[in-house]
1. Within the stretch 24-65, track down each residue that is exposed (fewer than 11 other Cβ atoms within 10 Å of the Cβ) and either touching a Ser or Thr at 6+ places or on another chain (Cβ under 6 Å) or assigned to a helix (DSSP H, G or I) (or both).
2. Within the stretch 219-242, can you find the residues that are in contact with a helix residue (DSSP H, G or I) (Cβ under 7 Å, 6 or more places away or on another chain) and β-branched (Val, Ile, Thr)?
3. In this structure, is Ala15 of a type in the set (Gly, Ala, Ser), more than 18 Å from the chain's Cα centre (by Cα) and in the same structural domain as Val108 (by TED's automatic domain parsing)?
4. Of the residues Ala227, Ala258, which single one is more than 10 Å from the ligand (Cβ to nearest atom) and at negative phi?
5. Go through the stretch 221-252 and report how many residues are hydrophobic (A, V, I, L, M, F, W, C), surrounded by fewer than 20 Cβ atoms within 10 Å (Cβ to Cβ) and over 16 Å from Lys189 (Cβ atoms).
6. With respect to Asp216, is the statement that it is among the acidic types (Asp, Glu), under 22 Å from His141 (Cβ atoms) and out of contact with any helix residue (DSSP H, G or I) (no Cβ under 6 Å at 6 or more places or on another chain) true?
7. Kindly check whether there is at least one residue in the stretch 70-89 that is in contact with a helix residue (DSSP H, G or I) (Cβ under 6 Å, 6 or more places away or on another chain), assigned to a helix (DSSP H, G or I) and at pLDDT 95 or above.
8. For the stretch 253-270, name all the residues that are assigned to a loop (DSSP other than H, G, I, E, B) and either surrounded by 17 or more Cβ atoms within 10 Å (Cβ to Cβ) or hydroxyl-bearing (Ser, Thr, Tyr) (or both).
Amino acid sequence: ITLIAGTAHPALAKAISAELGQPLAEARVARFSDGEVDIKLDEDIRGRDVFVLQPTCPPVNEAWIELLLLLDTLRRASAGRITAVMPYYGYARKDRKDEGRVPISAKVVANTLVTSGADRVVTLDMHAAQIQGFFDIPVDHLYARPVLLDEVIAMGIEDPVVVTPDVGGTKMARAYAKRLNADLAIVDKRRISGTETTIEHVIGDVRGRNCVIVDDLISTGGSITQAASTLKAQGAKAIVIAVSHAVFCGPAVERLDAAPVDAILVTDSIPPKQPSPKKLKVCSVAP
Ligand code: R5P
């Protein structure tokens, strides 16, 4: 096989390469002076089974266009099979028309992955698993759950309740609860805008209980910190957050630092934002 990395997350690419004992292919992935992406492969990959390591993490558009051009480079260099390894799939939250006159961005980027040359996609905890159906090529949809659960279990949390910060995350939370043999609670969140949410009520009893809030991602941190405050107000004891993707934009770090939480577990699908929240622990998905 051949591994080639974009510039979105060099540390994760290096970690994956080390896990496999397989060096990264020599290539120039840079920018022209006007900001356009400049790519040149320095080795022959004709007929090779090539894996492109490029999570489409913020700045999302930069990472996406670089990934598409890498795929095109490989196809035109006659790679045998091309797999896009993108632990974070940017635009996954725009997976349907939930109001009039909006795009289905997750489908548009799926189309461009395929037309640019991807034969297969490997991704991790997409916002909606159904996005797999946007592709007519194989999609390996991996879960961060085993990695995050190892850490949760190592913390020895007594009699935990797994909490989803919105109804849409119930299936994911149930999978965590099953493995922890824990109860489930659901925070009934309503989204007011891209950055604002409100909580109607909590389904399930959290009084005097240790809570593990699980979600696919933290963006501005609004959903998860409001959920934590609501749980605390309802008498929760310790609160641990376990989230796959640390997107952390806008006020996320300040909100997490101010929230009544005891630990924040995330994966390294996205490079850690600096400064990071104080109680952050990053668990690697490279293996
Ligand atoms: C929502 O459906 C997602 O699973 C996340 O809960 C949400 O997108 C997080 O966004 P924010 O951190 O901005 O509240």
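1. Scanning the stretch 24-65 gives a single hit, Arg46.
2. Thr220, Thr225, Ile239, Val240, Ile241
3. No: the conditions fail for Ala15.
4. The conditions single out Ala258.
5. Counting residues in the stretch 221-252 that are hydrophobic (A, V, I, L, M, F, W, C), surrounded by fewer than 20 Cβ atoms within 10 Å (Cβ to Cβ) and over 16 Å from Lys189 (Cβ atoms) gives 2.
6. Spelling it out, Asp216 is indeed among the acidic types (Asp, Glu), under 22 Å from His141 (Cβ atoms) and out of contact with any helix residue (DSSP H, G or I) (no Cβ under 6 Å at 6 or more places or on another chain).
7. Yes; the residues of the stretch 70-89 include at least one that is in contact with a helix residue (DSSP H, G or I) (Cβ under 6 Å, 6 or more places away or on another chain), assigned to a helix (DSSP H, G or I) and at pLDDT 95 or above.
8. Passing the criteria: Ala259, Val261, Asp268, Ser269, Ile270.
The values are calculated or read from the model by the stated rules, or taken from the named source; none is laboratory data. Just so it is clear, the model here is predicted, and its values are computed rather than measured. Methodologically, a virtual Cβ is constructed for each residue, glycine included, from the backbone with ideal geometry; neighbour enumeration extends over all protein chains shown.
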